[in-house]
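What follows is a set of notes on a single structure, which appears directly below.
Read the figures in this text as sums done on the coordinates, not as results from a lab. All values derive from a computational prediction rather than experimental measurement. Neighbour counts run over all protein chains shown; Cβ positions are idealised from the backbone, glycine included.
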Amino acid sequence: MESNGASPSIALPLLALSSFFFALAVSVPQITEAGLHCNNSTEIVTSNNFSFRAVMREISESVADQRRGNYSVTSPPPVVYGLAQCEGGLIEMDCPLCFAEIRTRIPRCLPNFGQLYRDGCFLRYDGYDFYNETVDPTHDMLNCSSNSTVPAERATEFSERVDRVLRYVLAKALQNGGFAVAGEDAPEGAVGVYAWAQCWSTLDAGGCRVCLENATSMARSCAPGEEARAMNAGCFLRYSTTKFYDLDSRGSSEVSITKAVVPIVVAIAPSAAVVISLVLIGAWIGYKEYSKKKRVQNSLMQLRASMSKFRLYFKYETLEKATNFFHDSRKLGQGGAGSVYKGILPDKKVVAIKRLVINTQQWADDLFNEVNLISGIQHKNLVKLLGCSIEGPESLLVYEYLSNKSLDQVLLVNNATRILTWEERLHIIIGIAEGLAYLHGGYGVKIIHRDIKASNILLDENLTAKIADFGLARCISPDKSHLCTGIAGTIGYMAPEYLVRGQLTEKADVYAFGVLVLEILTGRKNSVYTQGSSSILQSVWKHYKSTNLAACIDPTLQGKFLVLEASNVLQIGLLCTQASMELRPPMSRVVEMLHDKDQVVPQPNQPPFLNASVLFDISSSRSSTCTHGY
């Protein structure tokens, strides 16, 4: 048969290249929680207990160096034995992330003992030496997927494939020191099966065999379900119809049982260019995903480097003692991500310690994001990060201590003990504006905070405003106009284009700043949550249209302000909250208008009035028309 198509010598290498990049594109880090079991115990174990802390500290250090570790403390009581291990299929850079998250979650079992399995790592602590345990009928777990993509007529064939893969991965794991992955592709119309098996490092070869044989038998019973996880005392085994593992360059390799012989018919186009173009497109998509993943890995490496460079690392026990074991008397405030405590370090330095207690992977993203973004930034209107700790039962961030707490605690509480003067309010507004202007361009990159609000503005002894909480912040490269991202922030401060389309620019911060200016000057919180309520923007706009802006000013000031100056600052606030982001001034221009009282402030248009009913309509019909900027 003759063909004018692409030569096999060209097409096959390109197809191989495309397959390589597609494989990279679909592989993802495996740190999903698989199972948690908390044991009843006669001993009371707390996060403050010496034995518990010592075991977790030693295991943390061992996992960082060797990907696994076990340690025990038998005196003083309670006796605590601990074991943790990253599985062989987890790439090098995901091991510390997986362990940090599992270490944060395991204290849910306190004051009892517990064991937690993730798809990439395992952690257990108990009151006896369990290191040689293979199976435990009381506590072993099996999770079978209730979903099945297998057609009924092929269920038997699929179950046989599952059996083949499980038997093979068992055999290879026993030959390979306790770990192996294996997979079998399937012909068109059927689904493949992929598996991995892992014994804990404390088992000998005989114990590993007993454990995996039991786990294989358990997992086999889940077929024709598309996924199963068998979690025994001494091992973990999983199969799935999705190729879920991602092996790195440490020497691990996948064993392919058999590539099912499938007749492949290729319609070769008249021109070789068509074939080559399709293959290159596939390769490019895979390459982009590969590059994205490498950037994630590099960011984790940079976090470690920045912690070392800026000496950001604290031991958990040091911070625990600094807060008197997080005593309520030291509590400064409570936020969505955790609590903030006053701490006194051994050198008598007073700090603020943010205690992150979040039960999802988001805590890791926010922690790494915050450390990376602000560890090297120095500005008088940005809170200074002094360090962090990720070795304890929760992650901790250490900041400079600011004696006047947050702006909302000074301004937006009933029966406030201190009334901010007009000059103090203007000083705070200018400080916030200068801090945002620096974030948006003064540091060499464009950083968008995404959650500017009164509770994220801290005040020092001189009432100098300092922007805090960079967990949601994002960077935009200079060649991009905006980011398309998931919605995050606080309702009432979120710009319309971001709330509706997910289109994020620095103008989202400008909008939030405008709302905050109106709050500071009126002494009112922007109420958009209650049905039938009006926003602060609506109230101020009403007075602006009647040329009576000064009537909006907080009555507690008792008229002690310059009417023209107050009206100009309120007008700047309205200008920052324009519905069209193009009409909002950049923060650098806002700083100029605030400093130069002789400048004419442009006339604003009507801002968007977002109340509870409008927000409900938006959330019910949110558009996904955001396109990536260039």
Tell me which residues come under 5 Å, amide H to amide H, from L382 once H is placed; ignore anything under 5 positions away on its chain.
I467
Amide H to amide H, which residues 5 or more places from C235 or on other chains are under 5 Å from it, using H placed in the peptide plane?
W200
Whole-Hz Karplus couplings 3J(HN,Hα) for segment 320-326, θ = phi - 60° and coefficients 6.51, -1.76, 1.60, Gly and Pro as x, run 4, 5, 4, 9, 6, 6, 6
Place a point 7 Å from the Cα of N39 along the Cα-to-Cβ direction; which residues of segment 223-245 have their backbone N under 12 Å from it?
233-234
Which FRET efficiency, nearest 0.05, do A152 and C475 yield, Cβ-Cβ r, R0 56 Å?
0.65
Segment 408-620 - Debye-derived log10 I(q)/I(0), Cα point model, q = 0.07, 0.15, 0.17, 0.18 Å⁻¹:
-0.19, -0.95, -1.25, -1.41
Chymotrypsin sites (Phe, Trp or Tyr not before Pro) restricted to segment 501-590 and DSSP loop, no more than 14 other C-beta within 10 Å
Y529
Out-of-range pairs (alpha-carbon distance over 27 Å; input K384/K560; K405/K480; K321/K453; K384/K453)
K384/K560; K405/K480; K321/K453
Taking amide H positions as placed 1.01 Å from N in the peptide plane, with prolines and chain starts having none, which residues 5 or more places from T421, or on another chain, fall under 5 Å of its amide H?
none
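What do you get for GluC sites (Glu not before Pro) in segment 131-160 restricted to DSSP loop and a cutoff of at most 15 other Cβ within 10 Å of the site's Cβ? Present the calculation step by step, with values, prior to reporting the outcome.
On the way: sites: E133, E153, E157, E160; in loops: E133.
Hits after loop and neighbour filter: nothing returned.
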For a quick check of your reading of the filter: which trypsin sites (Lys or Arg not before Pro) in segment 84-160 sit in a DSSP loop and have no more than 11 other Cβ atoms within 10 Å?
none
